[in-house]
Amino acid sequence: MIKIENVGMKFNLGIEKDNSLKMMFIRLFDKRKRIKKGDFWALKNVTFEVDKGDVVGLIGSNGAGKSTLLKVVSGVMKPTEGTIEVDGVISPMIELGAGFDGDLTARENIYLNGAILGYSKEFLDSKFDEIVEFSELKDFLDVPVKNFSSGMVAKLAFSISTIVDPEILIVDEILSVGDIKFQEKSKNKMMLMINGGTTVLYVSHSLDSIRELCNKVVWLEQGKVVMAGETNKVCDAYYEKQLNN
């Protein structure tokens, strides 16, 4: 279903810019100021496979490369090296609400975001009430999204993204959106997808959530795979490492 082979993702870091009058003036008096540029590998030699129906958790500390890997798999970014083979239609839930226009209302953004995800107007018309009911935002449909809280934006985006059951679901920490009640709804929705055979790549800092949902886990640190395999075995090793740091 997903085959990731020797994938690397490189970024060029320009820590200080050399194109502003302010920086030029500062460097006249402070010779310590230098332009520091270099290559940063967010991912390096990442290799593993995800079979149809697998729910694979990605764990690791902040900056380990988890979210970058999701973006590469979902096609948001092209890897610097290596190959990714995907057999199936992907529904990415990364940075929920990133495709919204803040000046448009929730109603208008349902159609805008739905179109970005590839849904037709006819399909969105047929699913509109279902989206609104799940989002719990019926009273705010004609309010510009720029006036929404981050939790409300995430609720709306999640409700649009999960209106169909995709073959492959790419999930980045979305089970923490909204209030406790909505978090439970989100988890139940994901469980329905998982039980229906959807293949899932899931990033979370909650080991309890990873243990509950995933049958396999990949542990990343500094862009490299530390360990991959059965959920409890990998989570236990990661937990022990965190305790000893």
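The values are calculated or read from the model by the stated rules, or taken from the named source; none is laboratory data. Worth saying up front: this structure is predicted, and the values here are computed from it rather than measured. Positions of Cβ are generated from backbone atoms using ideal geometry, with glycine treated the same way; all protein chains shown enter the neighbour counts.
Under the condition of being modelled with pLDDT of 80 or more, in contact with a Phe, Trp or Tyr (Cβ under 9 Å, 6 or more places away or on another chain) and surrounded by fewer than 16 Cβ atoms within 10 Å (Cβ to Cβ), which residue from the range 13-57 is farthest from V203 (Cα to Cα)? Break it down into steps so the answer makes sense when it comes.
Residues of the range 13-57 that are modelled with pLDDT of 80 or more, as a first pass: 39-57.
Going one step further and asking which of them are in contact with a Phe, Trp or Tyr (Cβ under 9 Å, 6 or more places away or on another chain), we end up with 39-42, 55-57.
Narrowing further to those that are surrounded by fewer than 16 Cβ atoms within 10 Å (Cβ to Cβ): 39-40.
Working: D39: 25, F40: 22 Å.
The extreme case among them is D39.
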Requested in this report: Select the strands (runs of 3 or more DSSP E) contained entirely in the range 53-138, then report the ones holding at least 3 residues which are out of contact with any Pro (no Cβ under 8 Å at 6 or more places or on another chain).
Outcome: 55-59, 81-86
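I need the full set of residues from the range 156-172 which are closer than 23 Å to H205 by Cβ and over 15 Å from the mean Cα position of the chain (by Cα), in order please. Even if it seems obvious, please write down each step before you answer.
If we filter the range 156-172 for residues that are closer than 23 Å to H205 by Cβ, which is where we start, we get 157-158, 161-162, 168-172.
Passing the criteria: none in range.
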Report task. Provide a single number: the residues in the range 64-85 that are crowded, with 21+ Cβ neighbours inside 10 Å and of a type in the set (A, V, I, L, M, F, W, C). Result -> 5
Report task. Check whether at least one residue in the range 174-184 is in contact with a strand residue (DSSP E or B) (Cβ under 7 Å, 6 or more places away or on another chain) and at pLDDT below 90, and report yes or no. Result -> yes
Query raised in the report: Out of the residues in the range 37-74 that are in contact with a strand residue (DSSP E or B) (Cβ under 7 Å, 6 or more places away or on another chain) and free of Cβ contacts under 8 Å to residues at least 40 places away in the same chain, which is farthest from T231 (Cα to Cα)?
Result: K37
Report task. Please work out which one of (1) assigned to a helix (DSSP H, G or I); (2) at pLDDT 90 or above; (3) not assigned by TED's automatic domain parsing to the domain that holds M9 is the condition D142 fails and give its number. Result -> (1)
Query raised in the report: In the range 94-108, is there at least one residue being surrounded by 13 or more Cβ atoms within 10 Å (Cβ to Cβ), modelled with pLDDT of 95 or more, among the polar types (S, T, N, Q) and farther than 21 Å from M193 by Cα?
Result: yes
